[in-house]
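Shown next, in structure tokens, is the structure this report addresses.
The values are calculated or read from the model by the stated rules, or taken from the named source; none is laboratory data. Just so it is clear, the model here is predicted, and its values are computed rather than measured. Using ideal geometry, Cβ is built from the backbone for each residue, glycine included, and neighbour counts are taken over all protein chains shown. These accessible areas exclude ligands, DNA and RNA; they are computed on the full protein's heavy atoms, side chains included. Shrake-Rupley method; radii C 1.70, N 1.55, O 1.52, S 1.80 Å.
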Amino acid sequence: MEQLSLFDDRKQAAPLASRLRPDCLDDYVGQKHLIGKGTILRRLIEEDQISSMIFWGPPGVGKTTLARIIANQTRAEFVEFSAVTSGIKEIKEVMVQAEQNRKMGIRTLLFADEIHRFNKAQQDAFLPFVEKGSIILVGATTENPSFEINSALLSRCKVFILKALQEEDVKELLLYALKSKKGFGNLKISIEDAHLTAIARFSNGDARTALNTLEMAVSNGRMNEEAVLCVEEEILAQCMNRRSLLYDKNGEEHYNLISALHKSMRNSDPDAAVYWMCRMLDGGEDPLYIARRLVRFASEDIGMADSHALLTAVSAYQACHFLGMPECDVHLTHAVVYLSMAPKSNALYRACESCKEDVRELPAEPVPLHICNAPTGLMKQLNYGKGYVYAHDTEEKISNMQCLPDTLTGRRYYCPGEEGEEGRIKKRLEEILEWKRKN
């Protein structure tokens, strides 16, 4: 005879997170800034006056749940679309039906989960129908809409930002899961409050992660003699052996983290810089990408204040290339700390940007003849190279020869600061300029 467990009830077959999905705003956990009493979005939902909108936030914060609550409370026909299974043909068929419904006074609410996965052609297919009101588009996305959604479509949707759940919100949800008949309310479960706090903290604001972790821990609990299912610390620790931090190598969080690393180093904060670097590595970032950004930083933010910074960054890149992960993490740490603690100067960056602006905006001036080579007799007859002074032949090893075009005479691009070695370089440059003025 097949042995059955406490979890073989076919009504309990769905994952815990799905069973506990709320049907109304009063049961919705978190996002008080959007759906708390008296907020604009709540009033629009309750009065059935919603327009096209995008819900943007990290995974597990209730985007899809909120969209389904809207579907339950609206008097519109509800259609759910998937970017994976829905092509242009299916979209157009739904749009034709939506236009017919509109003529009969029936609204169509189209829910597009993970709307950032729809390609440009699919998004363009929505646009005319959103514009004339044939459909109310409700999209959910984990990616920054500015990057992933067509600007024309985005301009016709209100974007609502959903935040990661607070620890107390997640804990409230876990307690509800233990008491609710839709959750584990039919079981006698023993779990310490500290363990619930640990799960809430581990979830990193993701309700789905928290509920999945609780379900796994309960499923592996030990039944005692009083028929109480005990969740032991050892089992819970195995369920939480590693937190999956939010990171998308091609999405907004990728740019947020590299920005945090760059700005922490610029602010001479090695602890923060190492933290953001490790966050990127933990998320699966290519160490060579980080190393390339360090090479850029060495010249952009340190430059001549400490030229060894560039050597250190390039060496770290080579070490990452030789070893790869996980061994190269310490080499990246070496470079990140060195760059964080080095004296800072953006004089090279400013010189480069200022010069590029002149190159773009000003006419392309010819090279002064006296610094042109004259490899042929004709070029010599045309005064190529005439008046050139070989600096090594002078006592000071410099000359007062003009090297910029006439229209840029006296233009200064490189203006060194006082930090580190650049202070010495500044003094040297001032001496050269003073000598040229006198001669």
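Against the definition (touching a Cys at 6+ places or on another chain (Cβ under 9 Å) and crowded, with 17+ Cβ neighbours inside 10 Å), how does Ala342 come out, yes or no? Against the criterion (touching a Cys at 6+ places or on another chain (Cβ under 9 Å) and crowded, with 17+ Cβ neighbours inside 10 Å), Ala342 does not qualify.
Restricting the stretch 49-73 to residues that are farther than 30 Å from Leu174 by Cβ and out of contact with any helix residue (DSSP H, G or I) (no Cβ under 7 Å at 6 or more places or on another chain), which is surrounded by the fewest Cβ atoms within 10 Å (Cβ to Cβ)? Ranking the qualifying residues of the stretch 49-73, first place goes to Gln49.
Filtered by the rule that a residue be among the acidic types (Asp, Glu), surrounded by fewer than 18 Cβ atoms within 10 Å (Cβ to Cβ) and not in a helix (DSSP H, G or I), the stretch 279-293 gives a lone residue, Asp286.
Selection of the stretch 377-392 for residues being more than 57 Å from the chain's Cα centre (by Cα) and surrounded by fewer than 13 Cβ atoms within 10 Å (Cβ to Cβ) yields Gly377, Leu378, Lys380, Gln381, Asn383. Put simply, of Asn150, Asn204 the only residue that is out of contact with any strand residue (DSSP E or B) (no Cβ under 7 Å at 6 or more places or on another chain) and at positive phi is Asn204. The helices (runs of 4 or more DSSP H) found entirely in the stretch 11-124 that carry 3 or more residues being over 31 Å from the mean Cα position of the chain (by Cα) are 88-103. If you check Leu311, Leu294, Leu362 for being closer than 28 Å to Lys426 by Cα, modelled with pLDDT of 95 or more and more than 23 Å from the chain's Cα centre (by Cα), only one passes: Leu311.
Looking across the stretch 162-192 at every residue that is touching a residue at least 60 places away in the same chain (Cβ under 8 Å) and open to solvent by 90 Å² or more (accessible area, probe 1.4 Å), the one that is farthest from the chain's Cα centre (by Cα) is identified as Tyr176. Residue check: Ser155 meets all listed conditions (1) free of Cβ contacts under 8 Å to residues at least 12 places away in the same chain; (2) polar (S, T, N, Q); (3) in contact with a Lys or Arg (Cβ under 9 Å, 6 or more places away or on another chain) but one, namely (3). Determine whether Val330 is within 26 Å of Ile258 (Cβ to Cβ) and either surrounded by 16 or more Cβ atoms within 10 Å (Cβ to Cβ) or in contact with a Lys or Arg (Cβ under 8 Å, 6 or more places away or on another chain) (or both). Against the criterion (within 26 Å of Ile258 (Cβ to Cβ) and either surrounded by 16 or more Cβ atoms within 10 Å (Cβ to Cβ) or in contact with a Lys or Arg (Cβ under 8 Å, 6 or more places away or on another chain) (or both)), Val330 does not qualify.
Apart from one condition, Val218 fits all of (1) in contact with a Cys (Cβ under 7 Å, 6 or more places away or on another chain); (2) over 19 Å from Asp169 (Cβ atoms); (3) open to solvent by less than 50 Å² (accessible area, probe 1.4 Å); the exception is (1).
Close contacts from the stretch 94-106, counting a first residue that is open to solvent by less than 30 Å² (accessible area, probe 1.4 Å) and a second that is part of a helix (DSSP H, G or I), with Cβ to Cβ under 6 Å and a gap of 6+ residues or different chains, come to Met95/Phe129.
Pairs are defined by a Cβ separation below 7 Å, a sequence spacing of at least 6 or placement on different chains, a first member in the stretch 378-396 that is closer than 24 Å to Leu429 by Cβ, and a second member that is surrounded by fewer than 10 Cβ atoms within 10 Å (Cβ to Cβ) and modelled with pLDDT of 90 or more; no pair meets this definition.
Scanning the stretch 107-152 for residues that are small (Gly, Ala, Ser), within 27 Å of Asn256 (Cβ to Cβ) and open to solvent by less than 30 Å² (accessible area, probe 1.4 Å) returns Ala112, Gly139, Ala140.
Would the stretch 247-258 turn up any residue that is open to solvent by 50 Å² or more (accessible area, probe 1.4 Å) and at pLDDT 85 or above? Yes, the stretch 247-258 has at least one match. Each residue in the stretch 350-404 was checked for being assigned to a loop (DSSP other than H, G, I, E, B) and charged (D, E, K, R), and 5 pass.
Residue by residue, here is whether (1) under 20 Å from Val61 (Cα atoms); (2) not in a helix (DSSP H, G or I) holds:
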{"position": "Asp169", "(1), (2)": "yes, no"}
{"position": "Leu174", "(1), (2)": "yes, no"}
{"position": "Lys182", "(1), (2)": "yes, yes"}
{"position": "Ile199", "(1), (2)": "yes, no"}
{"position": "Asn204", "(1), (2)": "yes, yes"}
{"position": "Arg208", "(1), (2)": "yes, no"}
{"position": "Leu236", "(1), (2)": "no, no"}
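Could you check how many residues of the stretch 196-205 are open to solvent by less than 20 Å² (accessible area, probe 1.4 Å) and either hydroxyl-bearing (Ser, Thr, Tyr) or in contact (Cβ under 8 Å) with a residue 40 or more places away in the chain (or both)? Result for the stretch 196-205: 3. Candidates in the stretch 85-137 are the residues that are modelled with pLDDT of 80 or more and polar (S, T, N, Q); of these, the one that is nearest to Phe55 (Cα to Cα) is Gln123.
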